Amino acid sequence: DNWVYLSTDRAVAKDFGYVATAGVARDRDGNWIGYTRIIIMTDNLEVAQILSDMDLEDLGITMIRRTHRILQSEEEWKIKHIPRNQNLVVDRLAKLSLSWKLSLQVIDEAPKNILDLLQVDKMN
């Protein structure tokens, strides 16, 4: 199995008007990795349904069109809806990213403060 699992989530700080998203790529054993084939897992059913739709020409949401364009450049990909309790790592990363104040943060290794959740996600 050489699929990559991409989990995504978002966080909102209403008081400050910030919105953040996070994602993590892992192998089938839950280890942090790079990829060539990808399974995108999200706890947002609406996002899963929209990204699975191959006909996005008339969709007015630029972010979704751009995301879909990126996906089309990948060798192979799938979208999978998962329960929130199986998406704890990216939930924490999305919340952490609210404090980073950068438009994009690329993390090569799992931050120490999410290692415990990485183990919980592996068990789920």
Inset, instruction - Return the distance in nm (one decimal) between the two label points of a simple spin-label model at A13 and W32, each offset 7 Å from Cα along Cα→Cβ. - result: 2.2 nm
Inset, instruction - Determine ³J(HN,Hα), in whole Hz, for all residues of region 10-19 in sequence, where each value follows from phi through the Karplus function 6.51 cos²θ - 1.76 cosθ + 1.60 and θ = phi - 60°; x replaces Gly and Pro. - result: 9, 9, 10, 10, 4, 4, 10, x, 9, 10
Legend entry - Total lysine pairs under 26 Å (Cα atoms) in region 4-123, excluding pairs fewer than 8 apart on one chain: 10
Inset, instruction - Neighbouring Cβ atoms within 10 Å as the yardstick, rank S7, S52 fewest first. - result: S52, S7
Inset, instruction - Compute the length gained on full extension between Q72 and E109: take 0.36 nm times their separation in residues and subtract their Cα-Cα distance, giving the result in nm to one decimal. - result: 10.7 nm
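What is the order of L45, L6, fewest Cβ neighbours within 10 Å to most?
L45, L6
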Legend entry - For region 38-44, 3J(HN,Hα) per residue [Karplus equation, 6.51 cos²θ - 1.76 cosθ + 1.60, θ = phi - 60°, Hz, x = Gly/Pro]: 9, 10, 9, 10, 9, 8, 9
Inset, instruction - Output the Cα-based Rg and Dmax of region 4-123 in Å, rounding Rg to one decimal and Dmax to a whole number. - result: 14.4, 42
Legend entry - Per-peptide average of other Cβ atoms within 10 Å, ordering 15-23, 87-95 highest first: 87-95, 15-23
Legend entry - For region 4-123: relative contact order, % (alpha-carbon pairs under 8 angstrom, 6 or more apart): 33 percent
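Could you give the length gained by full extension between N44 and K122, i.e. 0.36 nm per residue of separation minus their alpha carbon distance, to one decimal place? Can you show the working numbers first?
Working: separation 78, 0.36 × 78 = 28.08 nm, distance 1.97 nm.
Computed gain between N44 and K122 is 26.1 nm.
Bear in mind that the values in this text are calculations on the coordinates, not laboratory data. It should be emphasised that the depicted structure is a prediction, and the values quoted were computed from it without experimental measurement. With ideal geometry, Cβ positions are generated from the backbone for all residues, glycine too; neighbour counts draw on all protein chains shown.
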